Structure formats: C-alpha cells, structure tokens
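Here the structure comes first, spelled out in structure tokens, and everything after it is commentary.
Values in this text are rule-based calculations from the coordinates and carry no lab data. Keep in mind that this is a model prediction, so the values were computed, not measured. Counting neighbours? That spans all protein chains shown, and the Cβs are built from the backbone with ideal geometry, glycine included.
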Amino acid sequence: MKKIIGVLLALFVCLSLVGCEKNKKQEETKTTKQTETQATTQEETKSPKSDSMALKLEGTKLIDATGNPVQLKGISTHGIAWFPDYLNQDCINNLKDLFGINVFRIAMYTDEYNGYCSGGDKENLKQMVKNGVEYATNADMYVIVDWHILNDNNPLIHKEEAKEFFSQMTSEFGDRDNILYEICNEPNNGTGWGDVKAYANEIIPIIRANDPDAIIIVGTPTWCQDVDQAAADPITGYDNIMYSLHFYAATHKDDLRNKMTNAINAGLPIFVSEFGICDASGNGAIDEESANAWVSLIDANNVSYVCWNLSNKQESSALINSDCSKTSGFTIDDLSAEGKWLHATLTK
Ligand code: IDC
C-alpha cells in the first residue's frame, strides 16, 4: 500500500511540474506576442518608412515627404578597412543617443590601405558597408554610402569599379529611403570639374536605375572646395543631386565660407559630408572659433554636416580619446577635444 501511495505521490508531483512548465511557456509566448504586437502598433502609428524618411530637394534645401526642412547632422567613420570594429549596432545606437545625430557616413576608401580598388577584400568591404547600412536603418537613421576617393585623385581612375559597386548597393538598397549615395569623396590634385561631371554622368544613371529618388552627393574639385565650379556648370537632367563642400576649420576660414554662401546663392544645393575642426591634415590644433563660425553659417542655411572621424587614432580629428579602446558605450569622458566640441555643439 505504502508503495502504491509513494508512486501516486511521485506521479502527482511530476504532473504538477509539467503543468507549471506549460503555464510558464504559455506566459512566455504571451509576452513575446505582446512585444510583437507592441512593435507592430508602434510601426503602424509611425507612417510607413518610405513616407517618413524620404528626402528630396526643393531648390537648395533638403525637405522631407511632408515638405518640412531637414538638416542632417552626423558622424563619419574613419576608413572602415582601418577601423572595422566601430561598425556595430551598439555603437551606432550609442552615437545617436549621445550626440543626437541623425546620419552616419560609411567611408570606404578606394585607394588607400586595403582599399576597395587597391587590394582590399571587396566582398568583405561590401559586407561591412551593408552591415553599417543595416545598423543605421535599425536605429532609424540616415546613412551615407561614401566611395572615398583620395589618393586616387580623379574619380575616373576607378570608374568601372564604382559603377559595379553602386549598381550592387542600389540593387540591394534601392527601395530604402534613408540612404544617400556619395559617389566620390574628394577629387583633388588638379582634377577639374569636367572630369568629375563626366564621372557623375555615368554613375548617376546606374544609381537611378535602381533608386529613382535617393539623394546623390557629388564631390567637387580641390578636396571639395571648388563648389563655385559646380555652381557655374551644375549636373542637369536629374533630381536630388547635391554637391559636397568639405572644410577643416583651422585651415579653411572666411574664403571658403564665402564660397559656400555664393554657391548657395547661385542655387547650388550643398552638403557638408565631411569636416573637422583641426587643420586639413586631420591633425594639429583645433580652432573652435572658426568651427563655430562655420556652424553658424551652416545652420543659417540649413545645410547638413557630418564630422570626421569615428576612431581613437592619435590625431585631432579622431572623436574618441586615443586611450579609449571601447567600440561602443562611449560617454563624454571618452571623447577627444573635437569630440567634446561636437557633443556640445549638437546638444545645445
Ligand atoms: C585622413 C585620416 C588619416 C588617414 C588619411 C589617409 O584622418 O588618419 O591616414 O586620411 O590618407 C580629408 C579626407 C580624409 C582624411 C582627412 C584628414 O577626406 O580621408 O582623413 N581629410 O586628412 N580631406 C581633408 C582632410
């Protein structure tokens, strides 16, 4: 008898345990379902992504789908081949929270260290760009895919690779509205606007075949200072084309600021897709006075701007202190002098 009672008791305990486990599982499913529903409801109350993030140009100004002016403010990676580890979701979320930025630029060098056209692993570089785009998209941010020419001073040098690259990127991302394509970082060393324009006229149709309306940013001669040349002879036949002006505040002052004003007055849509507040080498002393003069002018014209660079390299344009090896979770204390200036500027 005792034996039978023992067996029954054990059976009872077993059954109750199974029951508990089942309830727990049901609870878990419920919670997951609730989270999914919450996410869907939030998605539904937001207008669909294509409507909420699409950008277009009205004259020289960027506007959103409802016609409101948009100013993008953000951070550029250093070359992703040098500093791949900053391309991670936590990092992008962290930069968005800390600096309040809404755009992230992915700089893929074409001709420097392990560059796309100079012996780098093309597939791996493309994958990094794609990952960066996904992270920025997950964070509801805009993202610039930057074909970062520099050593290769004329974009025509690697035109064929550029065609193939932008064709692939746009076939992947052509239906997204948060992506901007920067087709050549900085033409330099005597490359004239004629060559840049010829290049642009070949790359733009390739992008447009897959993405009819993305903002396309075209570099200008002399490391993106000669916006006057583009203003005198802009690209025609396409909408949503912008022109980049780059400045390094300790080197470029009133002369370049005046050039920017004149080009805007002449009707050229300008995008400052890269700037630093040190000198043009990316190093040297920072010049906050000149930097602040730039920001006043930029804000007054609602121009978008992106700061160089996300790294802890020992150079003054690096935003992270060189002794900080984190790749996310930054606080103000981890920032360099330029990083602290950017933080103060973007959060005031
Ligand atoms: C610099 C980096 C530096 C790197 C170098 C490679 O800051 O660490 O060794 O490129 O050539 C630009 C360029 C940008 C430069 C930056 C500073 O777009 O690639 O980055 N700069 O020199 N234009 C003006 C300045």
What 222 nm value per residue comes from the helices of the chain, counting each DSSP H run with n ≥ 4 as -39,500 (n - 2.57) and dividing by all residues, nearest 500 deg cm²/dmol? -14500 deg cm²/dmol
For the pairs Lys126/Lys163; Lys56/Lys159; Lys313/Lys348; Lys126/Lys313; Lys73/Lys96, note any where the Cα-Cα span goes beyond 18 Å. Lys56/Lys159; Lys313/Lys348; Lys126/Lys313
So if I take the centroid of the Cα atoms in region 297-330 and the same for region 165-185, what is the distance between those two points in Å? 23 Å
Over the chain, relative contact order from alpha-carbon pairs under 8 Å, at least 6 apart, %: 16 percent
Using label points projected 7 Å from each Cα along Cα→Cβ, tell me how many nm separate Asn262 and Asn189, to one decimal. 2.8 nm
Mean Cβ neighbour count within 10 Å, used as a protection proxy, ranking 209-222, 107-120 highest first: 209-222, 107-120
Using θ = phi - 60° and Karplus 6.51 cos²θ - 1.76 cosθ + 1.60, couplings along region 84-100 (whole Hz; Gly, Pro as x): x, 6, 6, 7, 8, 4, 4, 4, 5, 4, 4, 5, 5, 5, 6, 9, x
Binned at 5 Å from 0, what are the whole-percent values of the Cα-Cα distance distribution for region 164-246, short to long? 3, 16, 28, 24, 16, 10, 3, 0
Normalising by the residue count of region 91-199, find the relative contact order in percent from Cα pairs under 8 Å and 6+ residues apart. 29 percent
For the chain, the dipole about the Cα centre with charges only on Cβ (Lys and Arg +1, Asp and Glu -1), to the nearest 20 debye, works out at 1660 debye
Once the piece of chain linking Asp90 and Glu289 is laid out straight, how much longer is it, given 0.36 nm per residue of separation minus the C-alpha distance between them? 68.4 nm
Can you tell me what percent of all Cα-Cα pairs in region 154-209 are more than 16 Å apart? 41 percent
DSSP beta bridge pairing in the chain, given as percent antiparallel to the nearest 5: 15 percent
Ranked highest first by average number of other Cβ atoms within 10 Å, how do 142-149, 84-91 line up? 142-149, 84-91
Find, to one decimal place in angstroms, the Kirkwood hydrodynamic radius of region 256-348, where the mean of 1/r is taken over every pair of different Cα atoms and then inverted. 14.1 Å
Taking only Cα atoms, what is the 0 to 90° angle, nearest 10, from helix 159-173's long axis to the longest principal axis of the chain? 40 degrees
Relative to the compact globular guide of 2.2 N^0.38 Å, what is the alpha carbon radius of gyration of the chain, as a ratio? 1.22
